[in-house]
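The values are calculated or read from the model by the stated rules, or taken from the named source; none is laboratory data. What you are looking at is a predicted structure, and each value in this text was computed from that prediction instead of being measured. Cβ placement follows ideal geometry from the backbone for every residue including glycine, while neighbour counts extend to all protein chains displayed. The protein model used for the area step is the full one, side chains on, heavy atoms only, and it has no ligands, DNA or RNA in it. Shrake-Rupley method; radii C 1.70, N 1.55, O 1.52, S 1.80 Å.
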Amino acid sequence: MSEKSDYRSGIVSLVGKPNVGKSSLVNQLVGEKVAIVSDKVQTTRNRIGGIVTTERGQVIFYDTPGIHKPLHKLGGYLVKITVSALNGSDLIAAILDISDGIKKSDFLVAKHVNSSNIPVFLVINKIDVVKTRKKITEFLEEGTKLFKNVEKTFPVSAITGEGIKEFLEAVIERMPPGPPLYPEDVITDRSARFMASEIIREKILLLTKEEVPHSVGVSIEEFTYRENGTLYIRGEIVVERPTQKAIIIGKGGTMIKKIGTLARQDMEYLFDTKVFLDLFVKVRRKWREKDNFIMDFTNLNEDLN
Ligand SMILES: Nc1nc2c(ncn2[C@@H]2O[C@H](COP(=O)(O)OP(=O)(O)O)[C@@H](O)[C@H]2O)c(=O)[nH]1
Ligand SMILES: [Mg+2]
């Protein structure tokens, strides 16, 4: 055990364009799923802290919605949350996706990162898909040019875990001295209710396509432990159109049943108890343009204050 005074703790924001693997990286670092992942853009809508505690330090990794050009009011909030997380961190992990290359959207990310004056670790993700070391070296060089404060670079794979340990060790070393902010067994700064709503949304993202995933919001209306230890969760799913409601419910209720079963399984694992999950679907036209609905169905009120 190291001396108490050697202990380090701090905040690292993971930033990058949509789909570079920010949420996957946070999960790999924490070793548990704290952030939902899908192949759809804008899966992450909140600033989610994944907490890693070792003998040498504690790091809160902020998974962020990412920086992109907002298409609606909700999108505008997502960028705002990312930028404010970025400005409050001790270190920025700027993520690039080697399977996608450097695009215009990466320049937009770099613009925000470079105006923050916070030190940057450059992370090249998805190296599991490249064949040669040479390609990685070239990409690292190209990527380094984008950001002005790059101190170190890390080729990693959030899926296989390659390079993650080296990255974590270097991050802890770079944190300011300080005591841990959370007990060592805590892995996220988000509430159980929040986790429940995200699990439901993840299953919808997995099972639906086109505009449906983006039109969905979830609110947990009830979250109570019953006397026999069962956890009762009532979730309300909101969509923008009656046609979307019909898709989520499915023929004879088959889709909503599937969503419920998959979500319940994850919840039982996470909360370590039997879960009774009740799901409802309602339509709120253009909810992603309306402040009160955005707050109700995305938990964004917790992020913005
Ligand atoms: N092959 C590969 N795929 C990855 C890796 N990391 C993430 N992905 C995939 O990329 C997609 C987007 O990942 P996600 O973590 O949601 O990205 P985010 O939008 O930046 O949070 C998902 O389909 C992931 O499975 C990786 O290291 N290798
Ligand atoms: Mg994400």
- region 128-141, residues that are charged (D, E, K, R) and either touching a residue at least 12 places away in the same chain (Cβ under 8 Å) or surrounded by fewer than 12 Cβ atoms within 10 Å (Cβ to Cβ) (or both): Asp128, Lys131, Arg133, Lys134, Lys135, Glu141
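For every residue, the table says whether it meets (1) at pLDDT 95 or above; (2) open to solvent by less than 40 Å² (accessible area, probe 1.4 Å); (3) within 12 Å of ligand 1 (Cβ to nearest atom).
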site	(1), (2), (3)
Arg56	yes, no, no
Ala85	no, yes, no
Leu91	yes, yes, no
Gly143	yes, yes, no
Phe147	yes, yes, no
- Ile159, sole failed condition from (1) open to solvent by 30 Å² or more (accessible area, probe 1.4 Å); (2) in a helix (DSSP H, G or I); (3) touching a residue at least 60 places away in the same chain (Cβ under 8 Å): (2)
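Okay, residues lined up against (1) of a type in the set (S, T, N, Q); (2) at pLDDT below 95; (3) over 20 Å from the mean Cα position of the chain (by Cα); (4) open to solvent by less than 40 Å² (accessible area, probe 1.4 Å):
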site: Val238; (1), (2), (3), (4): no, no, yes, yes
site: Ile247; (1), (2), (3), (4): no, no, yes, no
site: Lys251; (1), (2), (3), (4): no, no, yes, no
site: Ile256; (1), (2), (3), (4): no, no, yes, yes
site: Met267; (1), (2), (3), (4): no, no, no, yes
site: Phe276; (1), (2), (3), (4): no, no, yes, no
site: Lys282; (1), (2), (3), (4): no, no, yes, no
site: Met295; (1), (2), (3), (4): no, yes, no, no
site: Asp303; (1), (2), (3), (4): no, yes, no, yes
- Scan of region 107-142 for residues that are in a helix (DSSP H, G or I), farther than 15 Å from Thr153 by Cβ and touching an Asp or Glu at 6+ places or on another chain (Cβ under 9 Å), ordered by number: Asp128
- Query: Yes or no: Lys165 farther than 30 Å from Arg264 by Cβ and basic (Lys, Arg)?
  - Reply: yes
